[in-house]
Each structure stands twice: as C-alpha cells, then as structure tokens.
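Encoded as structure tokens, the structure appears first; notes follow it.
What follows draws every value from the coordinates through simple rules; no lab data is involved. Note that the structure is a prediction, hence the values are computed from the model and not measured. Ideal geometry is used to build each Cβ from the backbone, glycine not excepted, and the neighbour counts take in all protein chains shown.
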Amino acid sequence: APKSGQGGGARTALDQAKGLLANMDSMLAAESAAKRENLRAKVQNLREEHRSLVVAYEKEARRIGCKEQEEADRAALFGGRGAAGVAAPTADDIENNKSLKRSMAAVDDLEARGMHMMSSLSGQKEMLKGAHKKVLDVMNTLGVSNSLIRVIERRQTMDLVWMLVGMVVTIVVLAVTWIYFRRK
C-alpha cells in the first residue's frame, strides 16, 4: 500500500465515483423507457471505465508498495556501509579490476592484430587474383587444355572447402577447451 497521504485522494475519488454510479442506477427508474436504455448503456460504459481505473489504481499501488519494500530491504542490507550505501573496494576487488583491465587490453591487442592480418590477407588475395588471371592467360596462350584448367579450378575450390572445414574444427576445439577449463 502507498505511504500515508499518497493515493488517499485517488481512492476517495474512486469510491465517490462508485457511489455516483449507484445513484445513476437508481435515477434510471425515473426516466422514460426510450431514454432509459440509452442512459443505461452510458452508465454501463461509465461502470466499465470505473472498473478499469480501479484495476489501474490497484496495480500502481502494488508497484509503489513493492518499490518501497525494495528500498527498505536495500537500506537494511546496506545499512552499515557508508553514506552512499556502497562498500569500500577490497583488495580482492582492486586486484580483480586490474586483472580485468589487463584482460581487456590483451583482447584489444588481439583484435588489432586480427584486423591487421585480415587486411594483409585481403591485399594478398587481390594480388593472387591478378596472378591467377595471368597464369590462366599464359596457359591459354601455351595451349593448355580446358579440362586441365577445370581440374585446377576444382582443386582450388576443394582447398577452400578444406580451409573452411579446418577453421570450423579449430573453433569447435577452442570452444570445447574453453568450456572445459571454465568449469574447473
């Protein structure tokens, strides 16, 4: 429930609206039959709107109550820990922080190396593409058969497949190793 003074006006207003709806129901009997059905539908709409407001009020009151309870629990939990409710860092915390920073620097270094390798490999790929075209031109000029060229291209495709399979196997082995040592 909300703190005293909070939400009391809303609850009172909802109770007054409920009383007014009851008064409207009793006043319907005094109206003519033609007006009564129209007015009854309007009162019913007001009653449904009142119900939805009551549900919304109760939901908000529960949320506020839970929030206040959490704040009280937090204050009780952190009661003896300084003004801000935060404990002073311990030597273990400081060491863990330093270790984390070293690890992050190592990961950043590895990422930079990887990016450099990727850009280098990309440049080499473009250079090899040019050399491949020149070799094919020379082979065509020398009269090497198309079947031999297809065999060479098939071999290149298979080399690519084996390279990708090797990469996947390596990643799986690294993941399994990481999971194994992480559990220890």
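Only lysines eight or more places from LYS101 in sequence, or on another chain, were considered; those with a Cα closer than 24 Å are LYS184. Can you compute the label reach from ALA10? Point 7 Å from Cα along the Cβ direction, backbone N cut-off under 15 Å, restricted to region 39-79. Only 50-68 pass the distance filter. Partners of LYS133 within straight-line reach, counting lysines whose Cα lies under 21 Å from its Cα and excluding those fewer than 8 residues away in the same chain: LYS125. In this structure, MET27 and GLU68 have a Cβ-Cβ separation that, at R0 = 45 Å, corresponds to a calculated FRET efficiency of about 0.65. Under 20 Å of direct C-alpha separation, and excluding same-chain neighbours fewer than eight residues apart, LYS59 reaches these lysines: LYS3, LYS18, LYS67. P(r) for the chain, from all Cα pairs and a bin width of 10 Å, is 7, 13, 13, 11, 10, 11, 11, 12, 9, 4, 1, 0 %, short bins first. Evaluated at q = 0.19, 0.23, 0.28 Å⁻¹, the base-10 log of the normalised Debye intensity for region 133-184, with identical point scatterers placed on the Cα atoms, takes the values -0.71, -0.84, -0.97.
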